[in-house]
Structure formats: structure tokens, C-alpha cells
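Nothing in this text is a laboratory measurement; each read-out follows from the coordinates by a stated rule. Quick caveat, the model's predicted, so the values are computed rather than measured. All Cβ positions, glycine included, derive from the backbone under ideal geometry; neighbour counts span all protein chains shown.
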Amino acid sequence: MHYVSPILQIIVGLGILNVWLLRAGQATPFRGGRAQTLREEFNAYGLPFWFMCVVGVLKVGLALALLAAVWVHAWAQPAAIGLGLLMIGAFLMHLKVKDPLKKALPSVAVLAMCVAIVGL
């Protein structure tokens, strides 16, 4: 069972990095509102560009910490808690713009994995 947490850490860490570094400028079926890019998504939520930058730095930093926690175990819980809190915010933003549940599923899934990492 000791291998479950590192697997979840890798899934969450690489998933966040994929969204924020590789696919930020691309459309996905999970973007909030009618947004095609990450910047448009924050705009759809009524959030300023500087806030997107802060959230991006936090998410990328915490994702890297979660990946590093495969070796530095003490980092896993704080990184998972931080990302979990950000996922709650993401879910609430989807609710704010009245997105269908399908668009909010990734935030809920990542939140669930973060909860599992903290609990393991």
C-alpha cells in the first residue's frame, strides 16, 4: 500500500504541469465558461491576470513539490493540502459560472487524489 501515495503524487503533479505549462494556450473540454485558453478561463471567472499568475506559480510550485515528495516524503502532505485548497477554489469557480458538472470533474478528481495523499 506504500506505493499508492507516490503514484497519486506523480499523477497529480504531472497533470497540473500539463495543464499549466503545456496546454495553457490550448482549448480543452474542461475550460470554464466558453474559454479556449487558461487566460480566457480566468477572465470568464472575473479574475484578473495577476491572480492567474499567482495561482499558476502556486500550482506549478506545489506540483513540483509533490513530484519531489516521491523522494522527500515530508513534502507530500503540505503540497497535497495546498493543491487541494486550490482545487476547491477551481471547483467553486466552475459553480460561479454555472458550468456543467463535467467541466468541474478534473478539479474534483484532483481534490480526491490530494485527500488520499494526505490520508496515506
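Once fully extended, how much extra length lies between Lys102 and Trp71, figured as 0.36 nm per residue of separation less the alpha-carbon to alpha-carbon distance?
On the way: separation 31, 0.36 × 31 = 11.16 nm, distance 3.39 nm.
Stretched out fully, the Lys102 to Trp71 stretch lengthens by 7.8 nm.
Counting each DSSP H run of 4 or more residues in the chain as -39500 (n - 2.57), what helix-only mean residue ellipticity at 222 nm follows after dividing by all residues, to the nearest 500 deg cm²/dmol?
Computed ellipticity for the chain at 222 nm equals -22500 deg cm²/dmol.
Can you give the extra length, in nm with one decimal, that the chain gains between Arg34 and Leu14 once fully stretched, where that is 0.36 nm per residue apart less the Cα-Cα distance?
4.7 nm
Could you list Met93, Met87 so that the one with the fewest beta carbons within 10 Å of its beta carbon is first and the one with the most is last?
Going from sparsest to densest Cβ surroundings: Met93, Met87.
Give the share of C-alpha pairs in each 10 angstrom bin for the chain, from 0 to the last occupied bin, in whole percents, shortest bins first.
Spelled out bin by bin, the chain gives 14, 47, 30, 9, 0 percent.
With axes computed from alpha carbons, what is the tilt in degrees of helix 76-96 against the longest principal axis of the chain, rounded to the nearest 10 within 0 to 90?
With both axes taken from Cα atoms, the answer is about 20 degrees.
Placing unit charges on C-beta atoms (Lys and Arg positive, Asp and Glu negative, everything else neutral), compute the dipole magnitude of the chain about its Cα centre in debye, rounded to 20. Don't skip to the end; give the middle numbers.
Values: 9 positive and 3 negative charges, 65 e Å.
Charge dipole of the chain: 320 debye, to the nearest 20.
Express in whole angstrom the spacing between the alpha-carbon centres of the range 34-57 and the range 60-120.
Taking the Cα centre of the range 60-120 as reference, the centre of the range 34-57 is 17 Å away.
With everything on Cα atoms, drop me the angle between helix 4-17 and the longest principal axis of the chain, reported from 0 to 90° to the nearest 10.
Helix 4-17 sits roughly 30 degrees off the main axis of the chain.
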